[in-house]
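Read through the structure below, which is laid out as structure tokens, and then see the notes.
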Amino acid sequence: MGLSMIDLHSHTSASDGQYAPREQVALAARAGVKVLAITDHDTVMALAEAREAATELGVELINGIEVSCAHNRREVHVLGHFVDPSNAALLDYTRRLVTERETRMTRMIERLVAAGVPVSLPQVQAIAGDGLLTRPHLARALVESRVCATFREAFDRFLGDGKLAWVPKQETTVAEAVALIHGAGGTATIAHPGSSRINHLEFEEMARAGLDGIEALHRDHPPTQRELFARWAAEFSLCVTAGSDFHGPKVAPDREFGAISMTPAQLDALARRRS
């Protein structure tokens, strides 16, 4: 593998991203990304369309997913790479999450309406389109209704953990997520450990659960954090991965394709960890 941009974390309109899978792959290609993972939240719906586009554009596509988990009473995310999107257990999980997310969104909107906030389920569904219903879709509805000026304000006032409209998810543990991903033939990496506030002891616990990698090179991590997580990866014999966590400028304007990459050697090391 020659020199190329490698981005193992991105989201399409199948979850909470802005762009359809085909358009997203084209954007990545134009930014110089040669190896791209589509890692939508709790779904593999985008992968077939993305693969068609990747083949046409000469981009190597890695099948991915980002599994939402609960750990020590807070939400963390586990990235699955190289997964088989036809795996029965993985598909059962994604189908269950569709129903759970719809129920959760209904309850969140009910809490907002009870507090006098003008938002509705049809409004959020129109924003989500065919994708899973997620908090960023609800945040976008609050911004479009001028209840909030930004996504950050929507989460700080209403949607963040413990806020007015917060409704807990059905809990999946990190160990369960790792087992699910391994069962689908993939590798399991903890996503954006800095923003998830994951400490050294928790990394040790996750490594014992079978974790394969740490997304040390995340768009939101300053250099000091990247160096720290790389040291912890070496300590626990885990791989280092990189991801822009691209969602599109309407959702996350500071996360751009081409802004971060990992080395081919790091990608090869992760690929060798496949179950």
Q) In the range 1-140, what percent of the accessible surface is made up of carbon and sulfur (1.4 Å probe, ligands and nucleic acids excluded)? A) 52
**Q.** Degrees, to the nearest 10: 135-144 long Cα axis against longest axis of the chain
**A.** 50
Q. Taking R0 as 30 Å, what's the FRET efficiency between Asp130 and Arg197 from their Cβ-Cβ distance, rounded to 0.05?
A. 0.35
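At a Förster distance of 51 Å, what's the computed FRET efficiency of Ala89 paired with Lys250, Cβ-Cβ distance as r, to 0.05?
So, using R0 = 51 Å, E works out to roughly 0.95.
Mind checking the per residue accessible area of the range 1-155 for me, 1.4 Å probe, whole number of Å²? Present the calculation step by step, with values, prior to reporting the outcome.
On the way: 6540 Å² over 155 residues.
In whole numbers, the range 1-155 has 42 Å² accessible per residue.
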Q. In nm, what is the difference between 0.36 nm times the number of residues separating Leu57 and Glu235 and their Cα-Cα distance?
A. 60.3 nm
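Note the direction-averaged projected area, equal to a quarter of the hull surface, for the Cα convex hull of the range 1-104, in nm². Provide the component values of the computation, followed by the final result.
Values: hull surface 29.8 nm².
Average of the hull's projected areas for the range 1-104 equals 7.5 nm².
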Q: Check the straight Cα-Cα distances from Lys34 and name the aspartates and glutamates below 12 Å, setting aside those fewer than 8 residues away within the same chain.
A: Asp7, Glu60
(Q) Skipping prolines and chain starts, which residues have an amide H placed within reach, meaning under 5 Å, of the one on Val76, given they are 5 or more residues away or on another chain? (A) Cys69, Ala70, His71
Q. Taking the Cα atoms only, what angle lies between the long axis of helix 47-57 and the longest principal axis of the chain, rounded to 10 degrees?
A. 60
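Only bridges with both residues in the chain count here: give the DSSP antiparallel percent, nearest 5.
45
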**Q.** Phi to ³J(HN,Hα) by Karplus 6.51 cos²θ - 1.76 cosθ + 1.60 over the range 213-220, Hz, x for Gly, Pro
**A.** x, 10, 7, 5, 9, 9, 4, 8
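The values are calculated or read from the model by the stated rules, or taken from the named source; none is laboratory data. Owing to the predicted nature of the structure, the values given are computational and were not obtained by experimental measurement. With ideal geometry, Cβ positions are generated from the backbone for all residues, glycine too; neighbour counts draw on all protein chains shown. The protein model used for the area step is the full one, side chains on, heavy atoms only, and it has no ligands, DNA or RNA in it. Shrake-Rupley method; radii C 1.70, N 1.55, O 1.52, S 1.80 Å.
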